[in-house]
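Student: I'd like to ask you about the structure that follows.
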Amino acid sequence: MTGKIKNKNSALKVNKGIEQPSSFNPEAAKLFKGSKPGLLSIEEYVEGIRSGNRTILSQAITLIESSLPSHQQLAEKIMELCLPLSGNSIRIGITGVPGVGKSTFIESLGKELTLAGHKLAVLAIDPSSKRTKGSILGDKTRMEELATDANAFIRPSPSAGSLGGIAQKTKEIIVLCEAAGFDIIFVETVGVGQSETAVHSMVDFFLLLMLAGAGDELQGIKRGIMEMADAIVINKADGDNLKKAELAQREYKNALHLFPPTESGWIPFVSTCSAREKKGINEIWEKILEYETLAKKDGYFPKRRKEQELKIMFETINDYFIGNFKTNFTIKKLLPDIENKVLKGEISSYKAAKQLLEVYFENISIDK
């Protein structure tokens, strides 16, 4: 006998499932309408950026971050045409150790700004692994409201371990965002290394987020960054942590008196806030505007931007030179032998470097 035996008295029963919600977000889709796949012409990229098409803006940023020569050439031409459209924003660097609440703070302040009619771009420098080149890139998941805000744009960018690369790429992305009409730019960094120096060299205002009672283990990080800060904000000043935050505020105010006066004449302020409860956020923004007014009035604002442009130019030259040096065919052949001699103590590091440079420049002369 063939066929299946049906048992009407079986205890197994399959209930009808519920209808699953659609993964398509119509509100988010509106933000990306009007783009097409593949590479566009230079004119299409520039016009798309000018019109605020964030998909085309994202594609142009991808070209900037790409290492392909053809993409780099296209990105350079887009940059040239967008440069005259840039500069009309205030650029704010935001840093702090992991767990300080940067994403919550940025979203809390960001929502206040977009509701007031501002257009905000958040550029998050993500700490890539030097070994694997992998990165976290989690800011869009942590800033859910801003990620779907029509007046906000979030772009995480891997640092790929190069400080010069951070400065060059992020500065170019800032230009594109300004050309797209964003009048406030946040540049976020993780706050555990030298990337803060690179961010400081491309922003107008540098804000350091701190925690109360973090302990002496962070003092080494604080010292160097505190000297660059235009504002120190103790976050999570709520509940049982409020008194600790107020005490930390007094301590940091006293510590700032030990630092030399700033070139701008601005006295860095220390405040407390609760990004989660949205307390003290508006007061911080008012202080940032106060700084902008002061810096523009005495001419420091444009002077600093010009100095930053020159610094990034030299960092770019330095990065390009090192990259070209390492990929030079003759140097690649010589390097293992010279490295071995240095390790064996047969030649000093300085003499080895001098020999390699002499060979490199001779090689360039022959190529010319």
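The values are calculated or read from the model by the stated rules, or taken from the named source; none is laboratory data. What you see is a predicted model; the values in this text were computed from it and never measured. Here the Cβ positions follow ideal geometry from the backbone for every residue, glycine too, while neighbour counts run over all protein chains shown.
Student: Can you tell me which residue among Gly191, Gly181 is assigned by TED's automatic domain parsing to the domain that holds Leu294, on the phi > 0 side of the Ramachandran plot and at pLDDT 65 or above?
Tutor: Gly181 is the lone residue from the list that is assigned by TED's automatic domain parsing to the domain that holds Leu294, on the phi > 0 side of the Ramachandran plot and at pLDDT 65 or above.
Student: Let me ask something additional. Which of (1) touching an Asp or Glu at 6+ places or on another chain (Cβ under 9 Å); (2) within 23 Å of Met202 (Cβ to Cβ); (3) modelled with pLDDT of 95 or more does Ile49 not meet, given it meets every other one?
Tutor: Here Ile49 meets the rest and fails (1).
Student: Would you pick out the residues in the stretch 169-212 that are of a type in the set (Asp, Glu) and under 20 Å from Thr272 (Cα atoms)?
Tutor: Glu188
Student: Moving on to the next point. Condition first: among the aliphatic types (A, V, I, L, M), out of contact with any helix residue (DSSP H, G or I) (no Cβ under 7 Å at 6 or more places or on another chain), over 14 Å from Gly101 (Cβ atoms) and modelled with pLDDT under 95. Can you find one or more residues in the stretch 280-290 that meet it?
Tutor: no
Student: Further, regarding this structure: Going by the conditions given, is Glu292 in contact (Cβ under 8 Å) with a residue 60 or more places away in the chain, of a type in the set (Asp, Glu) and assigned by TED's automatic domain parsing to the domain that holds Ser108?
Tutor: yes
Student: Checking the structure you have, find out if any residue of the stretch 75-84 is of a type in the set (Asp, Glu), at pLDDT 90 or above and within 30 Å of Ala295 (Cβ to Cβ).
Tutor: Taking every residue of the stretch 75-84 in turn, at least one turns out to be of a type in the set (Asp, Glu), at pLDDT 90 or above and within 30 Å of Ala295 (Cβ to Cβ).
Student: Right, next: Scan the stretch 224-277 residue by residue and report those that are within 25 Å of Leu294 (Cβ to Cβ) and either outside the structural domain of Asp204 (by TED's automatic domain parsing) or among the polar types (S, T, N, Q) (or both). Give the derivation first.
Tutor: Narrowing the stretch 224-277 to residues within 25 Å of Leu294 (Cβ to Cβ): 224-235, 249-250, 252-273.
The answer is Asn235, Gln249, Asn254, Thr262, Ser264, Ser271, Thr272.
Student: Ok, one more. Considering only the stretch 265-281, I want to know if a residue exists there that is exposed (fewer than 12 other Cβ atoms within 10 Å of the Cβ), touching a Phe, Trp or Tyr at 6+ places or on another chain (Cβ under 9 Å) and part of a loop (DSSP other than H, G, I, E, B).
Tutor: Yes, the stretch 265-281 contains at least one residue that is exposed (fewer than 12 other Cβ atoms within 10 Å of the Cβ), touching a Phe, Trp or Tyr at 6+ places or on another chain (Cβ under 9 Å) and part of a loop (DSSP other than H, G, I, E, B).
Student: Just give me the residues in the stretch 60-73 being surrounded by fewer than 20 Cβ atoms within 10 Å (Cβ to Cβ) and not small (Gly, Ala, Ser), in sequence order.
Tutor: Result: Thr62, Glu65, Leu68, Pro69, His71, Gln72, Gln73.
Student: So how many residues does the stretch 74-84 have that are among the aliphatic types (A, V, I, L, M) and either closer than 9 Å to Leu176 by Cβ or exposed (fewer than 13 other Cβ atoms within 10 Å of the Cβ) (or both)?
Tutor: Here the count works out to 2.
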